[in-house]
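Working notes for the structure below.
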Amino acid sequence: MAKMEHQSSPTPHVLIFPLPVQGHVTPMLHLAELLCLAHLQVTFLNTNHNHQLLTQNTNIEARFSRYLGFTFKTIPDDWPPQNRPRPQASNVNIMKILKAMVEGMAPRAEPLIRELLFGTTETDKVTCFIIDGWLSFAYDLAKEAEVPVIAFRCSSACGNWSYFCIPQLIEAGEVPFKENEEMDRIVCNVLGMESFLRYRDLPSFCRGKDKSSCDDLRQYFMREVQQTKQAQFLILNTFEDLEGPILSQIRSQCSQVYPIGPLHAHLKYRLGKEETPLSNNSSSSLWEVDKSCTSWLDLKPDKSVIYVSFGSTTTFTADQLMELWAGLVQSKKYFLWVVRPNIIASSLDGPIPEDLLEGTKKRGYKVKWAPQDEVLAHRAIGGFLTHSGWNSTLESIIAGVPMLCWPYFSDQQVNSRFVSQVWGIGLDMKDTCDRSIVEKMINEVMDEKKEELCRSMDNISQAAKRSIAEGGSSYSNLNHLIDEIQAMSKKGGLKSSSSHQ
Ligand code: UDX
């Protein structure tokens, strides 16, 4: 494996910089650990606050202490509290908040990044900078320091490709469009998706014809995508057998694309292959995990429980939450529901109806944050009601659990269309939140359509596992990527490396 192949090369130093939110920190920590296993020197940038949360809620320090070349560095996060998508806060317009957070973070991160990029000694000097797709301000610093950049985009290839197509969509007048107008019309200007992508399946910020905040976000994404195209390489947390045709589209604009996912499973596989297997305890939760739900699951029959979780940033209105809750109870299925304290944007009106409380007591179990990976792998889980966040989607694929999708924002609208229409591994409930629909679709996923969904899911799940095993596409891609990172450090930076800039 990579460890052996790269042992004799000089040690390159990789700097990794994620957007400081759960869905980005998790896969980038997985990537960091995979690079550590190949004996690369890695520095990982966290915000102070996230680092404290990781230290409180996980074994992160012990987990990384065994890698001698690994260091955490932290960025002060004293930007205005309203611009922090923190676990404790309830943020309604999350995209706007994320953008404001990046703008707040940039000047605070810059001195540390400069110090690392310019390095005081040759051994300290960063030889390659892996930057989150949201943080393109860091590209200019890398360029100045002549350090090659690898872009890491946390969402699916299909979600990313839809971002790449925004300029064409705007030029053709397909975007922006008014919400509730011809939402089922097929989109013409996303190559490779012309037969099935509807307006409602485009990233959420394509909606809002009259909203300047959406326009601002579209401009922001267009700039970010431009930067991604400038990077030496692009890493995606996906695999060839799942998104091959869309990866080809992305390759038409970025020549070196490395799909190396699903990263969480890839890391587990490589940790397990060590001569003395290292622990697989790789939680990156910014929240305190409530493990009591696994004992509750132990008492339930096989595939009888629907797991309900909407990731780290989704918020509901009080009405939506009540519809969802009523639908869960009316479905008469067991449900394990992650209700983060900040999941609703407003307080509930009036008392909770008695039948909901009664139904929840009989068949439900609520936690504030679950050990999701463990839950999805539990034999009692038969379906996953999800917001179609990309990490959750990949975790469900590896666990072989069919999904019911209620996408919230951004790439999730595209992901849920692929889950339902292209891969056939789930159903899509987007743009509705009505108790009778929730009830009906839960029953479809858990009973009526269970067999066909499970058949497709089994095939895709097997393909995912093959891709990360020795000889598989993601496994080989990661080995090539490590070779490239080694080569970059030998060449000594941007001037002499094969830049596409
Ligand atoms: C976001 C976007 O949704 C996603 O599409 C994007 O590409 C990355 O960032 P988030 O909304 O938080 O992330 O969802 P998701 O990508 O699914 O990530 C959530 C992570 O939190 C998953 O790894 C999941 O396992 C974990 N989680 C969630 C828990 O460990 N426990 C829980 O109770 C809920």
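Between residue 114 and residue 451, what is 0.36 nm times their sequence separation minus the Cα-Cα distance? Round to one decimal in nm.
115.9 nm
If the reach is capped at under 12 angstrom between alpha carbons, list the aspartates and glutamates near residue 73, excluding any in the same chain fewer than eight residues apart.
Answer for residue 73, where 12 Å is the Cα cut-off: 115, listed by chain and number.
Can you compute log10 of I(q)/I(0) for the chain with the Debye formula, treating each Cα as one identical point scatterer, at q = 0.07, 0.10, 0.12 Å⁻¹?
The calculated log intensity ratios at q = 0.07, 0.10, 0.12 Å⁻¹ are -0.36, -0.76, -1.12.
To the nearest 20 Debye, how big is the dipole of region 161-224 about its Cα centre, given +1 on the beta carbon of each Lys and Arg and -1 on that of each Asp and Glu?
100 debye
Sorting 376, 234 on the 10 Å Cβ count, fewest up front, what's the list?
Going from least to most buried by this count: 376, 234.
Using alpha carbons only, what's the Rg to Rh ratio of region 195-239 with Rh from Kirkwood?
Across region 195-239, the Cα-based Rg/Rh ratio is 1.07.
With no solvent and one point per C-alpha, what does the Debye sum give as log10 I(q)/I(0) for region 161-224 at q = 0.19, 0.22, 0.25 Å⁻¹?
-0.63, -0.86, -1.11
Within the chain, which complete DSSP H helices have Cα atoms spanning at least 20 Å along the helix axis and a mean Kyte-Doolittle hydropathy of 0.0 or higher?
22-37, 94-118
Quick check on my link table: of 229/273; 125/491; 362/430, which ones sit more than 24 Å apart, alpha carbon to alpha carbon?
229/273; 362/430
Less than 17 Å apart at the alpha-carbon level, and either on another chain or at least 8 residues along: which lysines does that give for residue 366?
Result set, ordered by chain and number: 291, 300, 332, 333.
Under a point spin-label approximation (7 Å from Cα along Cα-to-Cβ), what is the residue 124-residue 357 distance to one decimal in nm?
Using points 7 Å along Cα→Cβ, the separation is 6.1 nm.
How high is the FRET efficiency between residue 191 and residue 219 when r is their beta carbon distance and R₀ equals 22 Å, given to the nearest 0.05?
Taking R0 as 22 Å, the efficiency between residue 191 and residue 219 is 0.50.
Ranked by Cβ crowding within 10 angstrom, fewest neighbours first, how are 306, 352 ordered?
So the residues, fewest neighbours to most, are 352, 306.
For residue 437 and residue 251, what does the FRET efficiency come to when R0 = 45 Å and r is the distance between their Cβ atoms, rounded to the nearest 0.05?
0.70
Cut-off is 10 Å between beta-carbons; in what order do 128, 188, 454 appear when sorted fewest neighbours first?
188, 454, 128
Students often check this: by mean Cβ neighbours within 10 Å, which of 200-209, 357-366, 149-158, 312-321 ranks highest, and how do the rest follow?
Descending mean neighbour count gives 149-158, 200-209, 312-321, 357-366.
Just so you know, all these numbers are worked out from the coordinates, no wet-lab data involved. These figures come from a predicted structure and were not determined experimentally. Cβ sites come from the backbone with ideal geometry, for glycine too, and all protein chains shown count toward neighbours.
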